[in-house]
Structure formats: C-alpha cells, structure tokens
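A.B. asks: Have a look at this one before I ask anything.
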Amino acid sequence: MPPEEFSPTSPYAFWDGAFTPSELDRIEAVGDVLTTGKATLMGGTEADEYTHIRITRTAWIPPEPDTKWIYDRMQAVVRSLNDRLWQFDIRGFSDAFQYTVYHGTEGGHYDWHVDQGDMPQARKLSLSLQLTDPSEYEGCELQLHGSRRLQTAPKGRGTLVAFPSYVLHRVTPITSGTRKAVVAWTTGPRFR
C-alpha cells in the first residue's frame, strides 16, 4: 500500500515488496546460520522464566560489509515512510537487527508490549520485515492497538511494517509451521 494512503495518526504503515524474493532468501540464509537463543525481555536473561509473555528464538544480524545492503535498504524505506507520515527526528539504528523465529511446536508468541523502556537511546519507530510466506504457518499475527480498534498488520512475504515504538502491539501464538522476521528499531532524541 503506498504510504500516501496512511495518515500520521495511523498506528502503523507498511511497504509491500520492500525486498525482492531473492533478497529475502539471502536475508533468511544470513539469519539461518546464526545461533538463535531464547529471546529475553528488556533487562532480563535467558534464565528468567516468562513463557506466558514471550516464546521466541532470536539472533542478531550485525552491521557488517556483507549485511550493509540490508541496513541500507531498511534505512531508505523507514526514512521514506517517516518523511511522509510521522516526521519524527530519527538518527538511525542503535541496535543490530533482530532475526526472530517463532516455532509452532513451541507455541511461539509475544504478548502485549511497547518497544520503549529504560534504554540509552529512545526508540522512535519499530520495524518488522516478514520473511516467511504466510501459507507456511498458522497464527503468529502482528496486532497493534494504537487506536479505538485492534488492527492486524499485513503479513505478505517481503512486507515491511513500521509503527511508532510507543504503539501497543503483540504477536499472537503460532499454531503450526515457522515464521521468521527481521525486527529493527530506529532511534533519535527523546520525544518532546
């Protein structure tokens, strides 16, 4: 959907075809060789027990010469969306990109949360790049509650969903298959 069809008060925007199928295959290949571990909550450790909140496997895609193209494309898309919609003061990415894997055999999910908290740089926009074709899994929907009604983000392979990091959101339980995504956050000065 073209960004012109969204408004600055929309809880999210998305960009279909942010990456080509062959580029998505390359990103998935990068992520699949990483060692994934139990996802933690902000300030937590893998030893903490919070399966009622989150069951996800994650790894980090560092900004290196062979992944720079991923960072560059994500930056271009998020800047375009931000310039057209929110016009936040964003400065780039402060964290490596998160390679996120939800397994149906584990009941992967992430309950309601926001992507802000006690951190050195304020997160402004959250991004989720869909790597898996939705025909390969059931459930595992990104839902946002930034207005009077619950909204479900599109989940076509290659769709990049962006939303202000203060928007309440969740990933519903996956009931079968495996879903993979790249999650990232842009940062900038604190909101005023």
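The values are calculated or read from the model by the stated rules, or taken from the named source; none is laboratory data. None of the values given here were measured: they were computed from a predicted structure. Every residue, glycine among them, receives a Cβ derived from its backbone with ideal geometry; neighbour counts consider all protein chains shown. Protein only, heavy atoms only, side chains kept; ligands, DNA and RNA dropped before computing areas. Shrake-Rupley method; radii C 1.70, N 1.55, O 1.52, S 1.80 Å.
A.B. asks: Do any strands (runs of 3 or more DSSP E) lying entirely in region 83-133 carry at least 1 residues that are open to solvent by 10 Å² or more (accessible area, probe 1.4 Å), within 10 Å of ALA184 (Cβ to Cβ) and at pLDDT 95 or above, and which ones are they?
C.D. replies: Ranges flagged: 97-103, 122-130.
A.B. asks: Please find, among ILE61, ILE70, ILE55, the residue that is among the hydrophobic types (A, V, I, L, M, F, W, C), surrounded by 18 or more Cβ atoms within 10 Å (Cβ to Cβ), farther than 20 Å from TYR12 by Cβ and modelled with pLDDT under 95.
C.D. replies: So the residue among ILE61, ILE70, ILE55 that is among the hydrophobic types (A, V, I, L, M, F, W, C), surrounded by 18 or more Cβ atoms within 10 Å (Cβ to Cβ), farther than 20 Å from TYR12 by Cβ and modelled with pLDDT under 95 is ILE55.
A.B. asks: Could you tell me whether ARG192 is farther than 17 Å from PHE97 by Cα, free of Cβ contacts under 8 Å to residues at least 12 places away in the same chain and not in a strand (DSSP E or B)?
C.D. replies: yes
A.B. asks: Moving to a separate point now. Taking the residues in region 30-51 that are out of contact with any strand residue (DSSP E or B) (no Cβ under 7 Å at 6 or more places or on another chain), under 17 Å from GLY107 (Cα atoms) and among the polar types (S, T, N, Q) as candidates, determine which candidate is surrounded by the fewest Cβ atoms within 10 Å (Cβ to Cβ).
C.D. replies: THR51
A.B. asks: Inside region 1-51, can you point out the residues that are more than 30 Å from GLN87 (Cβ to Cβ), part of a loop (DSSP other than H, G, I, E, B) and modelled with pLDDT under 90?
C.D. replies: ALA39, THR40, LEU41, GLY43, GLY44, THR45, GLU46, ALA47, ASP48, GLU49, TYR50, THR51
A.B. asks: Here's a follow-up. So, of the residues in region 142-169 that are open to solvent by 60 Å² or more (accessible area, probe 1.4 Å) and not in a strand (DSSP E or B), which turns out to be modelled with the highest pLDDT?
C.D. replies: Restricting to residues being open to solvent by 60 Å² or more (accessible area, probe 1.4 Å) and not in a strand (DSSP E or B), the top hit is ARG157.
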